Every structure is written in C-alpha cells, then in structure tokens.
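The values are calculated or read from the model by the stated rules, or taken from the named source; none is laboratory data. All figures in this text were calculated on a predicted structure; none of them were measured in a lab. So basically every Cβ, Gly included, is an ideal-geometry build from the backbone, and we count neighbours across all protein chains shown. Note: accessible area is taken over every heavy atom of the protein model, side chains too, but ligands, DNA and RNA are not part of it. Shrake-Rupley method; radii C 1.70, N 1.55, O 1.52, S 1.80 Å.
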Amino acid sequence: MLKTIQFKLLLAILAVLILIAGAVAYHRHTVAKAAVLREQQQYQRFRQQVEQDKRKHNSAAAHESKTWQKSNP
C-alpha cells in the first residue's frame, strides 16, 4: 500500500511539473507573438512617417519655382 501511495504521489508531482512546463512554453509563445506584433506596428508607423515626409517634401518642391519667380523682378 505504501508503494501505491508513493507511486501516486510521484505521478501527481510529474503532472504538476508537466503543467508548469506547458505554462512556461505558452507564456514564451505569447511573448514572442507580442514582440512580432509590436515590431510590425513600429515598422508601419515608420513607413507612415516616411510617406508623410515624402509628401511634405514633394509639396515644397512643387511650389519652389513660384517663389523663385516672385522674388526676381
């Protein structure tokens, strides 16, 4: 009877260790997914900023000839 109790106790300990290992693996997976998502968002923000700067630069270049004509009589 003592051997069966010890065996059941070892099985319970093993089950708890498996649960802990599963929880750690799941946590690492979610952290990795969050990191990828955050990196994609940062890249999208960077691309939007580049596009805004590009439009701003093109707009200034489009009006450059008009200001040049106005400054020379």
Virtual spin-label span in nm between Leu9 and Glu39, 7 Å along Cα→Cβ: 4.7
Considering only protein heavy atoms, with the full assembly of protein chains and a 1.4 angstrom probe, order Glu39, Glu51 by accessible area, largest first. Glu39, Glu51
Mark the label point 7 Å from the Cα of His29 along Cα→Cβ and return the residues of region 7-23 whose backbone N is within less than 20 Å of it. 15-23
